[in-house]
Amino acid sequence: MLSKKMEKAFNDQIKWEYYSAYLYLSLSAYFQNLGLKGFANWMDVQFQEEQFHARKMFDYVNEKGGRVMLQAIEAPGNTWKSPLAAFEFALNHEFVVTKRINDLVTLAQKENDHASAIFLQWFVTEQVEEESNFGDTVNQLKLVGDGGGLFMLDRELAARVFVPPAAA
Ligand code: FEO
């Protein structure tokens, strides 16, 4: 079973993962509107990744006999001043997610909840990849500026596909 504190913390994080999905779908719409379909695709794949994260946590809470209580999701931003600003915003969002996951692990340890601490290790590792993925694109955007390189990068980001981690 889950302690009430853990149950609440997981419910809050499920909401955060769905908020992340919503934010990336909004970023996908932003890039679609700019005519950068590769960037839009990349964000759309990220939208799917975040739903996977939320669902993984949702299933765990149920498996542990906890009660999932879905919460209202705030509206994400809709516009950014440039593709670089949009990716920097997303990278900063991922830093916040990483801190939240770390806080969850700390809480699990305090609650002497070893199962949750082990479950959360997947998310700890996943956040390393998330920060690296967003950080790479931020760096590439800084290098290419607003010129033709942006369209080359757009073509590269068009190749990203969603692969459910369990099937990978
Ligand atoms: Fe679910 Fe991007 O962290």
Quiz item: When the dipole is taken about the Cα centre of segment 4-158, and only Lys, Arg (+1) and Asp, Glu (-1) are charged at their Cβ, what size is it in debye, to the nearest 20?
Solution: 420
Practice problem: Give the angle, between 0 and 90 degrees and rounded to the nearest 10, that separates the Cα long axis of helix 83-110 from the longest principal axis of the Cα atoms of the chain. | Solution: 10
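Rounded to the nearest 0.05, what FRET efficiency do residue 63 and residue 156 have when you use their Cβ-Cβ distance and R0 = 25 Å? Please list the in-between numbers first.
On the way: r = 38 Å, r/R0 = 1.54.
My answer for the efficiency is 0.05.
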Quiz item: So what is the relative contact order of segment 4-158, in percent, for Cα pairs below 8 Å that sit 6 or more residues apart?
Solution: 30
Quiz prompt | Vicinal HN-Hα couplings computed from phi for segment 132-140 (Karplus, 6.51 cos²θ - 1.76 cosθ + 1.60; Hz; Gly/Pro x) | solution = 5, 4, 5, x, 4, 5, 4, 5, 5
Quiz item: For the chain, modelled as a GNM with alpha-carbon contacts under 10 angstrom, which of 26, 82, 116 fluctuates the most?
Solution: 82
Quiz item: Taking the alpha-carbon centroid of each part, what is the distance from segment 108-124 to segment 29-65 in angstrom?
Solution: 23
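Give the calculated FRET efficiency between residue 122 and residue 12 to the nearest 0.05, with a Förster radius of 30 Å applied to their Cβ-Cβ distance.
Values: r = 18 Å, r/R0 = 0.60.
For R0 = 30 Å, the calculated efficiency reads 0.95.
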Self-check item: the chain: angle of helix 37-63 to the longest principal axis, Cα-based, in degrees nearest 10
Solution: 0
Practice problem: Give a residue-ordered list of calculated ³J(HN,Hα) values for segment 70-76 (Karplus: 6.51 cos²θ - 1.76 cosθ + 1.60, θ = phi - 60°; whole Hz; x for Gly, Pro). | Solution: 6, 10, 5, 10, 5, 5, x
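How large is the Kirkwood hydrodynamic radius of segment 53-96, counting all unique pairs of alpha carbons, in Å? Don't skip to the end; give the middle numbers.
Numbers: mean 1/r = 0.0760 Å⁻¹.
Every distinct Cα pair counted, the radius reaches 13.2 Å.
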Quiz prompt | Under-5 Å amide H pairs with residue 80, H placed in peptide plane, nonlocal only | solution = none
Practice problem: Just name one of 143, 159, 102: the one whose Cα is farthest towards the positive end of the charge dipole of the chain (beta-carbon charges, Lys/Arg +1, Asp/Glu -1). | Solution: 102
Quiz item: Can you give the angle from 0 to 90° between the axis of helix 4-34 and the longest principal axis of the chain, with both taken from C-alpha atoms, to the nearest 10?
Solution: 10
Exercise. Choose one of 47, 33, 58: the residue whose Cα lies farthest towards the positive end of the charge dipole of the chain (beta-carbon charges +1 Lys, Arg; -1 Asp, Glu; about the Cα centre).
Key: 58
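Regarding the chain, what's the average projected area of the Cα-atom convex hull, expressed in nm²? Don't jump to the answer; show the numbers that get you there.
Details: hull surface 38.4 nm².
For the chain, averaging the hull's shadow over all directions gives 9.6 nm².
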Quiz item: When the chain is modelled as a GNM with alpha-carbon springs shorter than 10 Å, which of 111, 88, 130 fluctuates the most?
Solution: 111
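All of the numbers you see were taken from the coordinates with simple rules; none came from a lab. Computed from a predicted model, the values in this text were never measured in an experiment. Heads up, the Cβs are rebuilt from the backbone with ideal geometry, glycines too, and the neighbour counts pull from every protein chain shown.
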